[in-house]
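Pasting a structure here, questions to come.
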Amino acid sequence: MGERRITVIVHGATGRIGTNQHLGRALLALRKEGGLALADGDRLVPEPILVGRNGAKLQALAEALAVERWTTDLDAALSEPGEAIFFDCAATGSRPALVRRAIAARKHVYVEKPTAPSLAEALELARLATRAGLKNGVIQDKLFLPGLQKIKLLKDSGFFGRILSVRLDFGYWIFDGEQQPAQRSSWNYKKREGGGLVLDMFAHWRYVIDRLIAPVTRISALLKTHVPSRRDERGEPYAVDVEDAAYALLELEGGIAATVTSSWATRVRRDDLMIMQIDGTAGSAVAGLHHCWIQPLVATPKPHWNPDAPQPMDYFQQWQAVPDNTVHPGSFRRCWELFLRHVAEDAPFVPTLLEGAKGVQLAEAAHLSQREKRWVDLPELML
Ligand SMILES: NC(=O)c1ccc[n+]([C@@H]2O[C@H](COP(=O)([O-])OP(=O)(O)OC[C@H]3O[C@@H](n4cnc5c(N)ncnc54)[C@H](O)[C@@H]3O)[C@@H](O)[C@H]2O)c1
């Protein structure tokens, strides 16, 4: 049993998702445990190099996380000899240019979603990486959330019977920076920097729906910019040039209907920030990020209907929780384990950059639907 090391160039290390999830809960957690156990008994230890624009911030982060290597010079990091992974989790807008540089330097490529701001670029990156013979992939973390894993268990067991419809409801209030600071960086509200709720969230919804329920075949969307002006990190006002809410109707393979509501301008009065209800002929399920409740056909009550009297039934009490029978190691960590195995031992890997392009395709189709006020089909993507 030996120890193998692999360099992981983490671009965007100081960002919200880079620091907490990718470094803290995945790469550094694996390193602390002595690496990922491979099929041949070796252990694969990820060795991160933190890359970003602000040297002082990077140095402070490297010290706090006890990471030895950091740099503001991406080219220097990319000239690292030997097999290495380039990982980008910085703001979306600069992703295609960075990935092109990493491919030219012959690094394997792993990126946050969305893989690019446009479908043309997303496909170009998938083609470049594949033709160069480099391993490539996109983070699809939501699949590994306990709530959605329970949906997968239900679907695989045949619990739903014939699936009829899906209702996905996501959102929360993001402060506009006037009286209280915004919880998301201002680039999220600027098209030029890869912002926009649709690009951000539809990149998730595509793989969640495709891989858990059935492939999406077409979409009709209504997009809104509910809060058109905001203040940035320095308190400067700016105009929002992207949508902050999307109301979409989707059709899935087999004629399944799906409604998908996503908003950064709504307040939460549901079980979780995201809930997904699936109704089938044999039963229904409602999942949040962690919990999942079911109601089989045989336990489905007749609802009480008398609009003149207060509702006597507590509908929430009529559902049964799916138990937590397995340990949850962290959804970003699961993504990293799969990709590291793919790189180190050629293990099968589904979410390639081509799969990632499907998320961008759905986002572009939503924008086209909004502009032309019509349904938009989603043809199969090819390399
Ligand atoms: N998988 C998920 O659930 C999930 C969640 C949040 C964000 N994300 C994705 O991760 C990426 C980062 O999101 P975040 O919320 O962590 O953002 P963030 O604003 O917190 O951090 C972005 C990082 O990128 C850097 N950065 C910003 N603009 C840059 C530019 N123009 N050039 C180079 N670096 C720049 C910042 O310094 C920071 O280190 C986005 O692509 C986003 O879609 C994914």
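The values are calculated or read from the model by the stated rules, or taken from the named source; none is laboratory data. For clarity, every value in this text was computed on a predicted model and none was experimentally measured. Quick reminder, even Gly has a Cβ in these numbers, built from the backbone with ideal geometry, and neighbours come from all protein chains shown.
Please determine whether any residue of the range 184-198 is under 13 Å from the mean Cα position of the chain (by Cα) and within 16 Å of the ligand (Cβ to nearest atom). Even if it seems obvious, please write down each step before you answer.
Here is the first cut: in the range 184-198, the ones under 13 Å from the mean Cα position of the chain (by Cα) are 197-198.
Subset that is within 16 Å of the ligand (Cβ to nearest atom): 197-198.
Within the range 184-198 (the criterion being under 13 Å from the mean Cα position of the chain (by Cα) and within 16 Å of the ligand (Cβ to nearest atom)), the answer is yes, since at least one residue qualifies.
Moving on to the next point. Based on what the data block shows, is V67 buried (at least 18 other Cβ atoms within 10 Å of the Cβ), modelled with pLDDT of 95 or more and assigned to a strand (DSSP E or B)? Working first, answer last.
Working: buried (at least 18 other Cβ atoms within 10 Å of the Cβ): yes; modelled with pLDDT of 95 or more: yes; assigned to a strand (DSSP E or B): no.
No.
Something else: Answer yes or no as to whether A309 is of a type outside the set (F, W, Y), assigned to a helix (DSSP H, G or I) and outside the structural domain of N20 (by TED's automatic domain parsing).
Numbers: of a type outside the set (F, W, Y): yes; assigned to a helix (DSSP H, G or I): no; outside the structural domain of N20 (by TED's automatic domain parsing): yes.
It is false that A309 is of a type outside the set (F, W, Y), assigned to a helix (DSSP H, G or I) and outside the structural domain of N20 (by TED's automatic domain parsing).
Answer yes or no as to whether A321 is in contact with a Cys (Cβ under 8 Å, 6 or more places away or on another chain), loosely packed, with under 15 Cβ neighbours inside 10 Å and in the same structural domain as L168 (by TED's automatic domain parsing). Reasoning before the result, please.
Numbers: in contact with a Cys (Cβ under 8 Å, 6 or more places away or on another chain): yes; loosely packed, with under 15 Cβ neighbours inside 10 Å: yes; in the same structural domain as L168 (by TED's automatic domain parsing): yes.
So A321 passes the test.
Which condition breaks for V350 when tested against (1) closer than 30 Å to A39 by Cβ; (2) touching a helix residue (DSSP H, G or I) at 6+ places or on another chain (Cβ under 7 Å)?
Checking V350 against (1) closer than 30 Å to A39 by Cβ; (2) touching a helix residue (DSSP H, G or I) at 6+ places or on another chain (Cβ under 7 Å), the one that fails is (2).
Looking at the range 98-150, which of its residues are acidic (D, E) and closer than 30 Å to I275 by Cα? Please lay out each step first, then the result.
So in the range 98-150, the residues acidic (D, E) come out as 112, 121, 124, 141.
If the condition is that a residue be acidic (D, E) and closer than 30 Å to I275 by Cα, then E112, D141 are the ones that fit.
Could you grab me the full set of residues in the range 272-292 that are farther than 15 Å from V208 by Cα and surrounded by fewer than 20 Cβ atoms within 10 Å (Cβ to Cβ)?
Of everything in the range 272-292, those that are farther than 15 Å from V208 by Cα and surrounded by fewer than 20 Cβ atoms within 10 Å (Cβ to Cβ) turn out to be D272, L273, D279, T281, A282, G283, H291.
Could you tell me whether A91 is modelled with pLDDT under 95 and either surrounded by 17 or more Cβ atoms within 10 Å (Cβ to Cβ) or within 16 Å of the ligand (Cβ to nearest atom) (or both)?
Values: modelled with pLDDT under 95: yes; either surrounded by 17 or more Cβ atoms within 10 Å (Cβ to Cβ) or within 16 Å of the ligand (Cβ to nearest atom) (or both): yes.
Answer is yes for this residue.
Consider V242 carefully, then state whether it is closer than 14 Å to R167 by Cα, surrounded by 19 or more Cβ atoms within 10 Å (Cβ to Cβ) and not hydroxyl-bearing (S, T, Y). Write out each step before concluding.
Working: closer than 14 Å to R167 by Cα: no; surrounded by 19 or more Cβ atoms within 10 Å (Cβ to Cβ): yes; not hydroxyl-bearing (S, T, Y): yes.
No: the conditions fail for V242.
State which residue pairs qualify: first residue among the β-branched types (V, I, T) and inside the range 129-149, second residue modelled with pLDDT under 95 and not in a strand (DSSP E or B) in any location, beta carbons under 8 Å apart, and separation of 6 or more residues or different chains.
From the range 129-149, the pairs are T130/L383.
Please go through (1) within 20 Å of E345 (Cβ to Cβ); (2) outside any helix (DSSP H, G or I); (3) hydrophobic (A, V, I, L, M, F, W, C); (4) within 15 Å of the ligand (Cβ to nearest atom) for V45 and return the number of the only condition it doesn't satisfy.
(4)
Quick one: count up the residues across the range 93-142 that are basic (K, R), out of contact with any strand residue (DSSP E or B) (no Cβ under 7 Å at 6 or more places or on another chain) and assigned to a helix (DSSP H, G or I).
5
Six or more apart or on different chains, Cβ under 7 Å: which pairs go from a residue in the range 179-206 that's more than 20 Å from G18 (Cα to Cα) to one that's near the ligand (Cβ under 9 Å from one of its atoms) and in a helix (DSSP H, G or I)? Could you list them?
Listed by first residue and then by second, the contacts come to R192/G93.
For the range 212-248, how many residues meet the condition of being out of contact with any strand residue (DSSP E or B) (no Cβ under 7 Å at 6 or more places or on another chain), among the charged types (D, E, K, R) and either within 15 Å of the ligand (Cβ to nearest atom) or not assigned by TED's automatic domain parsing to the domain that holds I278 (or both)? Even if it seems obvious, please write down each step before you answer.
Looking only at the range 212-248, we keep the residues that are out of contact with any strand residue (DSSP E or B) (no Cβ under 7 Å at 6 or more places or on another chain), and these are 212, 225, 233-236, 241-242.
Okay, now just the ones that are also among the charged types (D, E, K, R), so 233-234, 236, 241.
Keeping just the survivors that are either within 15 Å of the ligand (Cβ to nearest atom) or not assigned by TED's automatic domain parsing to the domain that holds I278 (or both) gives 233-234.
Here the count works out to 2.
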